[in-house]
Amino acid sequence: MLLGRASEVVVVGGGISGLSTCYYVNELAARTKQMIHLTLIEAGNRLGGKIVTDVNDGMIIEGGPDSFFTLKAYALDLCKELGLTDDLVVADSESKGTYILNRGKLSKLPEGTSRACLENYSAFC
Ligand SMILES: Cc1cc2nc3c(=O)[nH]c(=O)nc-3n(C[C@H](O)[C@H](O)[C@H](O)COP(=O)(O)OP(=O)(O)OC[C@H]3O[C@@H](n4cnc5c(N)ncnc54)[C@H](O)[C@@H]3O)c2cc1C
């Protein structure tokens, strides 16, 4: 993609999609030495969209996403570019598994399920 000179770029939404779009558009403009005027429009009063982190009594509570799959490299690549890899926490293999809270009790889903996505059909057979 080539941007014209002093292109007007408007990104709607300040969630991860909009923010990363702003980052990559900015990178492209810098790399190709093109002038852009970049505007981000966000309807809410904060950035991040579904990503929201709360700290309560020293406990970190993620209101939305708390992880990403490294199998697809895009999020990891972005973290690397932004110098955030030291802040990443690898999921503890001992707490591996997906649970559903049902009538006050945690029930573990069978192996082969990941975040309620069926990865291995035979796990249910
Ligand atoms: C509880 C929960 C847990 C999740 N867990 C994970 C996880 O562990 N791993 C994972 O990969 N994904 C997870 N997801 C999915 C992930 O959060 C989303 O796919 C991702 O955050 C979506 O980002 P987005 O920028 O596309 O949209 P959003 O985060 O929804 O951002 C859209 C933004 O656009 C703004 N907007 C909307 N309309 C307009 C408008 N007309 N004008 C201006 N601004 C507008 C909104 O206010 C918002 O800020 C989870 C989602 C939820 C809800």
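The values are calculated or read from the model by the stated rules, or taken from the named source; none is laboratory data. This one's a predicted model, so the numbers in the text were calculated from it and none came from an experiment. When we count neighbours, we look across all protein chains shown, and the Cβ atoms used for this are built from the backbone with ideal geometry, even at glycine.
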query: Do any strands (runs of 3 or more DSSP E) entirely within region 12-99 hold 3 or more residues that are of a type in the set (A, V, I, L, M), and if so, which?
result: 36-41, 59-62
- line: In region 7-21, anything of a type outside the set (S, T, Y) and more than 11 Å from the ligand (Cβ to nearest atom) is listed as E8, V9
query: In region 32-46, is there at least one residue being without any contact (Cβ under 8 Å) to a residue 24 or more places away in the chain and away from the ligand (no atom under 11 Å from the Cβ)?
result: yes
- prompt: Of the residues in region 54-99, how many are within 10 Å of the ligand (Cβ to nearest atom), among the acidic types (D, E) and at pLDDT below 90?
  reply: 1
